[in-house]
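The values are calculated or read from the model by the stated rules, or taken from the named source; none is laboratory data. What you see is a predicted model; the values in this text were computed from it and never measured. No Cβ is skipped: glycine too gets one built from the backbone with ideal geometry, and neighbour counts run over all protein chains shown.
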C-alpha cells in the first residue's frame, strides 16, 4: 500500500493515518507531497489523479484501489487486519471510539481554526491570549478534556480504551496543538496528552516533521518566516 500525505509539520489529517499504520506495524510506502496548490505543482500533478477531493491522506492499494478520508482509511485497514486491535474489541468500547473519532472529524472547529498544527513551532504567548479572549476555543478544549477523561476513567488508560487504538491516532494532532499553544487541560488529560506524544509512532512523525525544514506561508498564521 501507499499512503499519500502532505507536510508532516502541518498536516493533521495525514498524521492520523500515518501514525495509525505505523503504530500497528502495517507495511506501507509513504509518499509525501509538499503543500503547493499552484498550477503545475507536484501536488496538483499527483493528487488530482488519485483523489476526487484533492486532499490527503489517500491510501492506494497495489491494484490501484483508493481510500480517502481518515475514518474510511481506519475502517479499511481494520477490515484488512482483523487480527489487530485497531478498534477496541469490546462492542461498546468500539462504538464509543468511533463516536469520538466522528466527533473529532466534524467538530472542534474553533480549536482547529485558531490553533493550527505546527509541530516545529511553540506559541505559548499566542495560546495564552487566545485562551483569555476566545470562549469558543475554551469550550472546544473543555469538551475534549471531558471526552478524554471519561474514556480514560472507564478504561484505566494509559490510552483512551486501554491499549493504543484508532481513536488515539485520531487525537495525536490534538496533543500537538495543546502542547504547542500551551492550552490548559486537567491533570488526567495532560497525562494522556504526554502519553500520546511519547508513543513511538507519534515521536517518529514529530521527528520527521522537525527535519522537513519547510515553510508554507498559508499554514503559518502566527509567523512570517521559520524561527520568527
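Here the stretch 201-217 is the region considered, the condition is being more than 11 Å from residue 7 (Cβ to Cβ) and touching a residue at least 60 places away in the same chain (Cβ under 8 Å), and the residue that is surrounded by the fewest Cβ atoms within 10 Å (Cβ to Cβ) is 210.
Being over 20 Å from the mean Cα position of the chain (by Cα) and surrounded by 14 or more Cβ atoms within 10 Å (Cβ to Cβ), is that true of even one residue in the stretch 106-126? Yes, that holds for at least one residue.
In this structure, residue 191 does not satisfy being at negative phi, touching a residue at least 24 places away in the same chain (Cβ under 8 Å), in the same structural domain as residue 124 (by TED's automatic domain parsing) and outside any helix (DSSP H, G or I). Of the numbered criteria (1) under 21 Å from residue 32 (Cβ atoms); (2) not assigned by TED's automatic domain parsing to the domain that holds residue 123, the one residue 201 fails is (2).
For residue 89, the conditions (1) modelled with pLDDT of 90 or more; (2) surrounded by fewer than 19 Cβ atoms within 10 Å (Cβ to Cβ); (3) part of a helix (DSSP H, G or I) are fulfilled apart from (3).
Screening 146, 153 for residues that are without any contact (Cβ under 8 Å) to a residue 24 or more places away in the chain, exposed (fewer than 13 other Cβ atoms within 10 Å of the Cβ), in a helix (DSSP H, G or I) and in the same structural domain as residue 181 (by TED's automatic domain parsing) leaves exactly one candidate, 146. Kindly indicate whether residue 179 is over 16 Å from residue 24 (Cβ atoms) and modelled with pLDDT of 95 or more. Judged against the criteria, residue 179 is a match.
Could you tell me how many of the residues in the stretch 26-76 are under 23 Å from residue 201 (Cα atoms) and either touching a helix residue (DSSP H, G or I) at 6+ places or on another chain (Cβ under 9 Å) or loosely packed, with under 14 Cβ neighbours inside 10 Å (or both)? Residues flagged as under 23 Å from residue 201 (Cα atoms) and either touching a helix residue (DSSP H, G or I) at 6+ places or on another chain (Cβ under 9 Å) or loosely packed, with under 14 Cβ neighbours inside 10 Å (or both) within the stretch 26-76 amount to 26. Can you tell me which residues in the stretch 160-188 are surrounded by fewer than 23 Cβ atoms within 10 Å (Cβ to Cβ) and over 15 Å from the mean Cα position of the chain (by Cα)? Hits for the stretch 160-188 are 162, 163, 182, 184, 185, 186, 187, 188.
Looking at residue 163, is it closer than 28 Å to residue 30 by Cα and at pLDDT below 95?
No.
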